[in-house]
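The values are calculated or read from the model by the stated rules, or taken from the named source; none is laboratory data. If you're wondering where the values come from, they're calculated on a predicted model, not measured in any experiment. As a convention, Cβ positions derive from the backbone with ideal geometry for all residues, glycine included, and neighbour counts pool all protein chains shown.
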Amino acid sequence: MTKLFFLISLILLLIPFSSQSEKQKPPTAAHIELTNYGFPIGLLPASVKNYTLNQTSGIFSVDLVGTCKITLPPDNYLATYSKRVSGKIVQGQIAELDGIRVWAFFKWWSITGIRSSGDNLVFEVGVVTAKYPSNNFDESPLCEGKHSAS
């Protein structure tokens with residue numbers, strides 16, 4: 001009985017550490033590149049497989065392990081990432097963004113750009129914008145459901 005209690009206690013202690021280490025994966029080169037342009041790594045999910053960036057033009061593409069669904073802080077909007085996200089990045093601005101959609105007001109909206117503005121990020125959905133604290137995106141989120149990265 002004592003051995004069983006010890007084993008159960010040990011498993012219960014290890015569960016939080018294993019889930020924390022899963023979230024604490026080292027950032028990929030694509031995540032580090034985001035920081036070089038003034039953005040937090042949490043704009044991309046943890047499931048990045050590959051990326052390309054033309055240093056001259058700023059045109060980039062990011063390949064994910066698969067499509068990805070996440071919940072965006074702080075208002076818990078559901079967002080989906082396509083298997084490939086692309087756009088054009090310069091210091092403090094991502095434009096021509098393709099591959100990220102958010103569910104709001106009973107409709108899917110494409111996020112077309114993101115600007116860094118002091119301690120905030122400004123998300124562009126066509127001509128409409130929404131501002132959120134950039135520290136909400138300090139950690140790269142894990143994909144939810146069956147498409148999550150391993």
Which number in (1) modelled with pLDDT of 80 or more; (2) closer than 20 Å to Ser134 by Cα; (3) touching a helix residue (DSSP H, G or I) at 6+ places or on another chain (Cβ under 9 Å) marks the one condition that Leu64 misses? (2)
Please verify whether the range 139-149 includes one or more residues that are over 16 Å from the mean Cα position of the chain (by Cα), under 27 Å from Pro26 (Cβ atoms) and in a strand (DSSP E or B). no
Enumerate the strands (runs of 3 or more DSSP E) found wholly within the range 43-94, keeping only those where 1 or more residues are closer than 22 Å to Phe105 by Cβ. 68-72, 77-90
All conditions in (1) modelled with pLDDT of 95 or more; (2) touching a strand residue (DSSP E or B) at 6+ places or on another chain (Cβ under 9 Å) are true of Val90 except (2)
Checking Leu13 against (1) part of a helix (DSSP H, G or I); (2) surrounded by 16 or more Cβ atoms within 10 Å (Cβ to Cβ); (3) at pLDDT below 90, only one condition comes out false. Which one? (2)
Test each condition in (1) modelled with pLDDT under 95; (2) closer than 20 Å to Thr28 by Cα; (3) of a type in the set (Gly, Ala, Ser) for Ser82 and report the one that comes out false. (1)
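Take the conditions over 22 Å from Asp138 (Cβ atoms) and either surrounded by fewer than 19 Cβ atoms within 10 Å (Cβ to Cβ) or without any contact (Cβ under 8 Å) to a residue 12 or more places away in the chain (or both) and apply them to Thr56. Does it pass?
Numbers: over 22 Å from Asp138 (Cβ atoms): yes; either surrounded by fewer than 19 Cβ atoms within 10 Å (Cβ to Cβ) or without any contact (Cβ under 8 Å) to a residue 12 or more places away in the chain (or both): yes.
Yes; evaluated as a whole, the condition is true for this residue.
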Test of understanding: among Lys88, Lys107, which residue is touching an Asp or Glu at 6+ places or on another chain (Cβ under 9 Å), charged (D, E, K, R) and farther than 23 Å from Ala46 by Cβ? Lys88
Quick check: is even one residue across the range 123-136 farther than 21 Å from Ala29 by Cα and touching a Pro at 6+ places or on another chain (Cβ under 9 Å)? yes
Inside the range 108-137, the number of residues satisfying the requirement of being in a loop (DSSP other than H, G, I, E, B) and either modelled with pLDDT under 90 or within 20 Å of Leu97 (Cα to Cα) (or both) is 5
